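The values are calculated or read from the model by the stated rules, or taken from the named source; none is laboratory data. Computed from a predicted structure; not experimentally measured. Because the Cβ atoms are built from the backbone with ideal geometry, glycine has one as well, and the counts that use them run over all protein chains shown. Just so you know, the surface numbers come from the protein's heavy atoms only, side chains and all, with ligands and any DNA or RNA stripped out. Shrake-Rupley method; radii C 1.70, N 1.55, O 1.52, S 1.80 Å.
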Amino acid sequence: MEKLLEVKDLAVSFNTYGGEVQAVRGVNFDLRKGETLAIVGESGSGKSVTSKTIMRLLAEHSVIKRGEILFEGEDLTKKSEKQMQKIRGRDISMIFQDPMTSLNPTLKVGTQIMEPLIKHQKMSKAKARERAIELLDLVGIPNAELRIKQYPHQFSGGMRQRVVVAIALACNPKLLIADEPTTALDVTIQAQILELMKDIQKKMDSAIIFITHDLGVVANVADRVAVMYAGKIVEIGTVDEIFYNPKHPYTWGLLGSMPTLDSDEDELFAIPGTPPDMTNPPKGDAFAARNKYALEIDTQLDPPMFKVSDTHYAATWLLHEDAPKIEPPEAVKRRMKGFAASVKEGEM
């Protein structure tokens, strides 16, 4: 299948009073039509910066140091702001984390849904209003003809996020970027929004990039998973490969730290230490200081991406042919097995 999006060797930095923060350092991935890619990692790993760079929504003090973002073969890094304004909302849309900051509190929700339809689709106000009502119905908001006249504060948190989804979907975008869209919602509403996104993707065949730190979310919505740490993708593969055959110690830590419904252990597995200071990234593997399995070479050279399968790659020296054969600790394996089983049963 033809690639919709290709990100090649992307590097993004922020110029701050404390120095240059290297937020994204050589990220590579691709995305096909109708596919969902989840990007996971701790806060500060570069997930949101990567997604906002695709949209060209970075702050003024940020700079794209190198790389390409090919969307349908055209490099978005070379586009002017005026050209990007025609792409945003029409071809690429984004759902942000907090719906209340995404919506204008002074405008009726109908007006906000109609705006991209009038701008990008050149619809009349009457036609745009009709389509806005259809979109509210699509995202599961009852009494759409009445609710379209109301303001964001008259909606619950979950309903506001549904409105944000409706706005993002208004122009039938080819790519939808969801940046932790359920973090601000309670668990029940989270599940409803995720189910809504899956249903809509089937109907519209949009590609989705799903940014999250919640691996439970990943298992239920994604086709492939990219694990980010310190501005780099350290492992990428299908959902089954990441959950059942993870190769990077950081992925082991993320999976092992997730609680499972059938766990009878008192303590959760925790990754020691904290992420590095990205104004001065460490030499070699950035995860080495937190990795109990680190080899001497980890402090000297950054590992390349080793091929595990045609769809699975991981950047760890443990995959080198001369490296010792190391398995995840038993406690982590038990949690991985229990977590994976609960996901398969639909309990997460």
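The eigenvalues of the Cα gyration tensor, multiplied by 5 and square-rooted, give the chain an equivalent ellipsoid with semi-axes of 37, 24, 17 Å from largest to smallest.
Roughly speaking, to the nearest percent, how much of the chain's 1.4 Å accessible area is carbon and sulfur? Within the chain, the accessible surface is 50 percent carbon and sulfur. Per-residue ellipticity at 222 nm from helix content only, as computed over the chain with -39500 (n - 2.57) for each DSSP H run of at least four residues, stands at -10000 deg cm²/dmol. Length available on full extension from S80 to N220: 0.36 nm per residue minus the Cα-Cα distance, which gives 46.7 nm. Each Cα pair under 8 Å and six or more residues apart adds its separation to the average, and for the chain the resulting relative contact order is 19 percent. Residue separation of S156 and E60 scaled by 0.36 nm, minus their Cα-Cα distance, works out to 31.2 nm of gained length. For the pair K33 and H320, the difference between a 0.36 nm per residue extended length and the Cα-Cα distance amounts to 100.0 nm.
Distance between the pseudo-spin-label points of E130 and E68 (7 Å out from Cα toward the beta carbon): 4.3 nm. Projected onto their three principal axes, the Cα atoms of the range 5-89 cover extents of 40, 31, 21 Å, largest first.
Using only the alpha carbon atoms of the range 14-64, find the Kirkwood hydrodynamic radius as the inverse mean reciprocal pair distance, in angstroms to one decimal. It is 12.5 Å.
Think of a 1.4 Å ball rolled over the protein heavy atoms: the chain then has 48 Å² of accessible area per residue.
Assigning unit charges at the beta carbon (Lys, Arg +1; Asp, Glu -1) and nothing else, what dipole magnitude in debye, to the nearest 20, does the chain show about its Cα centre? The calculated dipole for the chain is roughly 1760 debye.
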